[in-house]
Amino acid sequence: MGRFGYRGAGPQLILQAFLQLLVNSGGRIEREFGVGRLRTDLLAVWPLPGGGEARYVIECKVLRPKRSLQGVIAEGLRQTAEYMDVSGAEEGHLVVFDLRAKRTWSQRLFRRRKTVGEADIHVWGV
């Protein structure tokens, strides 16, 4: 994997493929969705009965050996909250892919809820 410049693409593409299965009955997934001059990794859009749509920001972060989990989460929360505000999303999700070596699934998997300003964000460790 070290030969490629963007190693976060693999986990993000797998997540996108999974989410596509969920939205095949009417919703859609937007990749690198431009919100102003910012770009959220994924934006899930689901039509609402009677018109309109629900929007869900999904920001992906990769945890590498020289970074701390807390630092990656703090950076991701700030970005996710900003993307939610600009895109008008009602829900935000931050997915942290732990690519550090010798980590068990029980060390990698978690779910937390954080609040940044007005934004309620689900944080997922994978």
Taking segment 104-119 as the search range and keeping residues that are within 18 Å of residue 15 (Cβ to Cβ) and among the basic types (Lys, Arg), which one is surrounded by the fewest Cβ atoms within 10 Å (Cβ to Cβ)? 111
Expected output for segment 86-111 (first residue on the phi > 0 side of the Ramachandran plot, partner modelled with pLDDT of 90 or more, Cβ below 8 Å, 6+ apart or cross-chain) is 88/55
Only listed residue being over 20 Å from residue 12 (Cα atoms), without any contact (Cβ under 8 Å) to a residue 60 or more places away in the chain and either open to solvent by less than 20 Å² (accessible area, probe 1.4 Å) or charged (D, E, K, R) (or both), chosen from 66, 61: 66
Tell me whether segment 74-94 contains one or more residues that are modelled with pLDDT under 90, surrounded by fewer than 19 Cβ atoms within 10 Å (Cβ to Cβ) and closer than 16 Å to residue 60 by Cβ. no
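The values are calculated or read from the model by the stated rules, or taken from the named source; none is laboratory data. Computed from a predicted structure; not experimentally measured. As a convention, Cβ positions derive from the backbone with ideal geometry for all residues, glycine included, and neighbour counts pool all protein chains shown. SASA here: full protein model, heavy atoms, side chains in, ligands and nucleic acids out. Shrake-Rupley method; radii C 1.70, N 1.55, O 1.52, S 1.80 Å.
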